[in-house]
Amino acid sequence: MSANTIAFLNFKGGVGKTATAVNIGAALAHYQKQRVLIVDLDPQCNASFWLMPPADWKAHVDGGKNSTYQIFQDQIMGTHRFDFEKAVVRAVPRKGGISQISRLDILPAAVELITIEDRIHQNKYARFFEFLHQALKPYYKEYDYIFFDCPPNVYSISKNALYAAENCVVPYVPDFLSLSGFQLLAQQIEQFNDRISGFKGIRRRASIVALLASHYKPSKAHDQGLNELEITLHRLKAEGLTHHDAKLLLPPIRHLADVAESTNEHMPVILHNPTGRGADDYSQIAKAFHSHFQSL
Ligand SMILES: Nc1ncnc2c1ncn2[C@@H]1O[C@H](COP(=O)(O)OP(=O)(O)O)[C@@H](O)[C@H]1O
Ligand SMILES: [Mg+2]
């Protein structure tokens, strides 16, 4: 069995891509006993910092070598330095040197990733979108879920995630400004899929299979936003712009202080405050997430 490979994608920043990837990943590993790998693809390294104290991260990635950066660096430079076994950090987070979740691993990012977009662009690689998949495919069988935490854009690195992933999950803040980008994102994914369909040996097309609502504040505006999200999803599904079983997974994740605080502790919220509301929302959404992916 190969992992469910999933890109957490939205070209907006701050909508909860990293928060949902890290916290759903942690809940799936902890409660559902799933083997989960988080692949951090954002030069801001937020998923890495959420699960590793900065000093541990710095010592580990050491100039980018043990990180996702090295995958792209190898392709651009023609080197073979990326070593998954060295780069992956197993059983994160650790507290006092002790692993807290045995089945949760992370492949950290490095800030050097910021240089990659330009360099891919300058070199005009025809099949640039395969770099990540080629490097990681031998490890897909080791996991039940692999989450690609994308940067806030749909440029080359995110396209690598789209190609490596079977499916795409889109986190949204249920307000008008966020929603206006949903159709555009679905179209961009479709355009990318169309563009690569002419290449030989293309494996499959990733499509949007789930939406998540994050930063939810119980209010008329956000309830209206959730409603609009359902309506837009229905329409895009009918137009073939999403997976035919795509759905909005519930409950919406509330905007909560304990989720924000958990980043300071470098812990997923289910460990930071196991009896709090953030842990409650995330354990419920992880259950919905798991049954959705099992039913596909
Ligand atoms: N449910 C939540 N409640 C409160 N703060 C949150 C919640 N989810 C995320 N955050 C905070 O909001 C910010 C943006 O979230 P993040 O997941 O980093 O977005 P993205 O990855 O889409 O840019 C982060 O600082 C994070 O700590
Ligand atoms: Mg992020």
Compute the FRET efficiency between S102 and A221 as 1/(1 + (r/R0)^6), taking r as their Cβ-Cβ distance and R0 = 30 Å, and round to the nearest 0.05. 0.15
Could you do me a favour and compute the accessible area per residue for region 126-253, 1.4 Å probe, result in Å²? 43
Report the relative contact order of region 4-295, percent, no decimals, based on alpha-carbon pairs under 8 angstrom and at least 6 residues apart. 25
Tell me the relative contact order for region 35-184 as a rounded percent, counting alpha carbon contacts under 8 Å between residues six or more apart. 32
Using +1 on the beta carbon of Lys and Arg, -1 on that of Asp and Glu, and nothing else charged, what's the dipole of region 177-219 about the Cα centre, debye to 20? 220
List the lysines whose alpha-carbon lies under 19 Å from that of K159, not counting same-chain residues fewer than 8 positions away? K12, K17, K124, K137, K200
For a quick check of your reading of the filter: which chymotrypsin sites (Phe, Trp or Tyr not before Pro) in region 97-205 sit in a DSSP loop and have no more than 11 other Cβ atoms within 10 Å? F199
Solvent-accessible area, 1.4 Å probe, carbon plus sulfur percent, for region 4-295: 51
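The values are calculated or read from the model by the stated rules, or taken from the named source; none is laboratory data. No experiment lies behind these values; they were computed from the predicted model shown. Methodologically, a virtual Cβ is constructed for each residue, glycine included, from the backbone with ideal geometry; neighbour enumeration extends over all protein chains shown. SASA here: full protein model, heavy atoms, side chains in, ligands and nucleic acids out. Shrake-Rupley method; radii C 1.70, N 1.55, O 1.52, S 1.80 Å.
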